[in-house]
Ligand code: TMP
């Protein structure tokens, strides 16, 4: 099928119209994304918005199976295979969850999206960013978040938070240097796209972080 027709069938053209919204949370391990996305979802619901919360990799039955494959310690996965698995999970999530919610005028909040691929597989693993852009253009054209909250946090502290929570997957077992490259990668993305990506200092108390995020969102949707 020609690519143009394939994209049309996915209804990308109509995805971002109406009163919907699309927000992603990004950051290194242990930066508090899942807590903060939950708090923001509750806040927006209290304002009368319909909110769908999701997370990557995963968010669908197929995506959860892919997530297991990606994160299980001991699985040997080639970097290109890893990249394609993230995009497989993302394609499924877009089709099953994100696009239908946007078309129903709902707000989608996702814990991680394409910036994680750029930071982890691109800046940290070393895959050419042009390859990632090509996949992005195929899987996610015109459906980028309107706002991305980047929770910036110290790498060692983030990893130790997750260890305390007994969370040690294939990525947490990577060297500290890998996670430093991830953090720097996120910071570069924020420098390149300051309108979309807002950096929030995640070393503050969780309440202070939530207040700052709500301020940013209120500014966007005043
Ligand atoms: P989580 O711990 O936030 O659930 O994310 C799972 C892991 O997957 C985390 O270590 C970051 C990694 N990841 C990538 O390497 N590339 C991606 O595109 C995504 C979405 C996550």
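Quick one: length gained pulling residue 220 to residue 38 fully straight, 0.36 nm per residue minus the C-alpha distance?
Stretched fully, the residue 220-residue 38 segment lengthens by 63.7 nm.
Using only the alpha carbons of the chain, determine the length spanned along each of the three principal axes and report them from longest to shortest in whole angstroms.
45, 43, 32
Multiplying the sequence separation of residue 76 and residue 160 by 0.36 nm and subtracting their Cα-Cα distance, what value in nm do you get? Spell out each step's value before the answer.
On the way: separation 84, 0.36 × 84 = 30.24 nm, distance 2.43 nm.
Taking 0.36 nm per residue and subtracting the Cα distance, the gain is 27.8 nm.
Out of 172, 157, 53, any idea which swings most in a Gaussian network model of the chain, alpha carbons joined below 10 Å?
Comparing 172, 157, 53 in the GNM, the peak value goes to 157.
Grab the alpha carbons of segment 92-212, take their convex hull, and tell me the volume per residue in Å³.
Values: hull volume 16.5 nm³, N = 121.
Looking at segment 92-212, the number lands at 136 Å³ per residue.
By how many nm would the segment from residue 96 to residue 184 lengthen if fully extended, with 0.36 nm per residue of separation less the alpha-carbon distance?
The residue 96-residue 184 span can extend by a further 28.5 nm.
With a Förster radius of 25 Å, plug the Cβ-Cβ distance of residue 144 and residue 62 into 1/(1 + (r/R0)^6) and report the FRET value to the nearest 0.05.
Values: r = 23 Å, r/R0 = 0.90.
Calculated transfer efficiency: 0.65.
How do 43, 123 line up, fewest other C-beta atoms within 10 Å first? Mind dumping the intermediate values first?
Details: 43 16, 123 22.
Ascending Cβ contact count within 10 Å gives the list 43, 123.
How far apart, in nm, are the 7 Å Cα→Cβ label points at residue 196 and residue 130?
Here the answer is 2.0 nm between the modelled labels.
Any read-out appearing in this document is the output of simple, stated calculations on the displayed coordinates, not a laboratory observation. It should be emphasised that the depicted structure is a prediction, and the values quoted were computed from it without experimental measurement. All Cβ positions, even for glycine, are placed from backbone atoms using ideal geometry, and neighbour counts span all protein chains on display.
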